[in-house]
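> If you scroll down you'll find the structure; I have some questions about it.
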Amino acid sequence: HNPQQSIKNPPHIVAVLMESFANNALALDSKDCDLLGSFRAHFESGKIPHKNQRDFTFSAFLSAQNGTVASFAELFFNSPSATISVSSVKNRKIALTPFDIYKKAGYEVIFITSGNRSWHNLGDYIITQGADKVFDKSELIRLYPQSAEFESDYGVPDEYAFKLALEVLQNATKPTFIAILTISNHPPYGLPSHFTAPKCDIEPLREYFNNDNTAKNREAMNAFAYSSNAFGDFVGAIKADSRLKDLTIIAGSGDHKLRDLKASQNLALEHSVPLYMYIPPRYTGDFKGFAFERDKLGSHKDIFPTLYALSLNNYDFLTLGGRNLFDSNADSRYNFAINGALWIDEFGIYPNSAKIGYAYTLQNGEFVMSGESVALSQEKADFMERYNALNRAQINYRVRDK
């Protein structure tokens with residue numbers, strides 16, 4: 001049950017997991033290297049609290065894991081097992097996934113990827129979890145034959161996945177939940193010839209890359225900019241649609257760091273991805289206790305608890321410490337971020353294998369390490385051990401024979 005508001009017009013929900021959309025790359029974004037393209041206006045607007053706000057950007061945020069399928073499984077299946085979709089239980093429906101929750105709430109449930117539905121058996125597995133339709137690169141090529149010209153080893157350009165999502169929403173006759181997985185920001189990069197990459201001066205950034213191949217590094221930056229721009233065009237199209245702009249909530253985050261860049265000494269930055277949300281005022285104005293804090297600490301565990309609270313009146317959901325990021329009354333014990341390699345609370349950053357933590361500050365919503373260590377108490381160490389054990393236990397319980 002949602003006691004914080006009564007939702008009279010259920011919104012469409014679009015949840016996007018973007019390939020390599022990460023803060024280690026965005027740390028290089030500048031006027032001399034534009035990595036955001038058309039997404040910039042929306043992304044930057046979300047960083048500054050203002051009246052009648054629709055854009056919301058969280059940068060003190062972690063991906064669930066450090067690989068695409070692992071983060072996808074945590075986010076969309078509540079599963080710590082990255083291989084659940086190809087395991088011995090691949091044909092078994094499990095309760096309380098986002099697909100299941102929105103389907104039971106009366107939504108049309110759709111999965112779109114610019115990649116291949118057979119990758120990790122995601123297409124079939126998502127249908128098993130309750131989705132009504134799955135669209136992958138084959139369907140996108142059928143619908144938009146021009147996309148075949150730019151097909152890469154992994155799929156077709158992301159813009160066609162977003163084009164389909166927009167058309168689905170424009171033709172929707174009931175509330176619709178769309179999950180999107182992008183692939184264009186994955187090597188080998190294959191960008192459409194009609195995309196003009198924004199200016200990016202690579203030479204001053206040479207020290208940040210894994211290699212000295214200027215052409216290859218430029219390709220990586222262009223792919224990042226293309227993927228950001230495709231998402232930005234989609235957000236802009238929703239905002240420009242007189243009906244959808246007030247009836248659609250969007251959440252977009254990254255799956256892991258950009259691997260073309262060297263490992264950072266900033267442990268949080270190594271695993272940090274932004275969360276961008278577009279939320280029409282009708283879903284925030286009547287929300288009791290609604291507040292946006294740019295420096296709010298969060299991770300993938302918090303995305304769907306936030307979306308459920310904004311979009312559903314009555315629902316049961318599963319989370320391990322996730323909370324509505326906009327709820328000023330949320331339990332303070334949930335104020336932590338967790339990734340497969342580390343976890344962060346307000347006092348420090350704690351790598352899994354370390355016996356100590358590391359102090360940090362938040363500057364403009366971003367993690368900055370201070371260089372000082374902080375104690376890792378036995379209580380905190382025990383908490384993380386129990387957390388991981390409970391996460392394993394819940395997925396084992398959910399996939400058991402009924």
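The values are calculated or read from the model by the stated rules, or taken from the named source; none is laboratory data. Everything numeric in this text was worked out from a predicted model, so none of it was measured. Counting neighbours? That spans all protein chains shown, and the Cβs are built from the backbone with ideal geometry, glycine included. What goes into the accessible areas is simple: the full protein's heavy atoms, side chains included, and nothing from ligands, DNA or RNA. Shrake-Rupley method; radii C 1.70, N 1.55, O 1.52, S 1.80 Å.
> Most fluctuating residue of Pro305, Pro145, Pro175 in a GNM of the chain with Cα springs under 10 Å: which is it?
With Cα springs under 10 Å in the chain, the top fluctuation among Pro305, Pro145, Pro175 is at Pro145.
> With every protein chain left in place, what is the accessible area of Val273 in Å² (1.4 Å probe, nearest 10)?
The accessible area comes out at roughly 0 Å².
> OK, next. Using a/c under 1.5 as the rounded threshold, could you call the range 47-169 rounded, prolate or oblate? The axes a ≥ b ≥ c are square roots of the C-alpha gyration tensor eigenvalues, and prolate needs a/b larger than b/c, oblate otherwise.
rounded
> While we're here: Please state the shape class of the chain: rounded when a/c is under 1.5, otherwise prolate if a/b exceeds b/c and oblate if not, all from the C-alpha gyration tensor.
Rounded, since a/c falls under 1.5.
> Can you send over the carbon and sulfur percentage of the accessible area for the chain, probe radius 1.4 Å, protein chains only?
Carbon-and-sulfur percentage of accessible area, whole number: 49.
> Right, something else. With Cβ to Cβ distances under 11 Å as the rule, what net charge do the other residues near Asp32 carry (K, R +1; D, E -1)?
The answer is -2.
> Out of all DSSP beta bridges with both ends in the chain, state the antiparallel percent to the nearest 5.
Antiparallel: roughly 55 percent of the beta bridges in the chain.
> Taking the chain as a Gaussian network, where each spring joins two C-alpha atoms under 10 Å apart, which residue of His50, His120, His42 fluctuates the most?
Judging by the Gaussian network model, the answer is His50.
> Whole-Hz ³J(HN,Hα) for each residue in the range 245-258, computed from phi via Karplus 6.51 cos²θ - 1.76 cosθ + 1.60 with θ = phi - 60°, x for glycine and proline: what do you get?
4, 9, 9, 9, 10, 10, 10, x, 9, x, 8, 5, 5, 7
> How far is it, in nm, from the label point at Ala41 to the one at Glu149 when both lie 7 Å from their Cα along the line to the Cβ?
2.7 nm
> Kindly point out which whole DSSP H helices in the chain project their C-alpha atoms 24 angstrom or further along the helix axis while averaging a Kyte-Doolittle hydropathy of -0.5 or above.
214-240
> Now a separate question. How much accessible area per residue does the range 168-276 have, in Å², with a 1.4 Å probe?
The answer is 40 Å² per residue.
> Could you work out how far the C-alpha centroid of the range 158-211 sits from that of the range 17-43, in angstrom?
Between the Cα centres of the range 158-211 and the range 17-43 lies a distance of 11 Å.
> Once every DSSP H run of n ≥ 4 in the chain is given -39500 (n - 2.57) and the sum is divided by its residues, what mean residue ellipticity at 222 nm do you get, rounded to the nearest 500 deg cm²/dmol?
My calculation for the chain gives -8500 deg cm²/dmol from helical runs alone.
> For Asp124, tell me the accessible area in Å² from a 1.4 Å probe, rounded to the nearest 10.
Solvent-accessible area, nearest 10 Å²: 90 Å².
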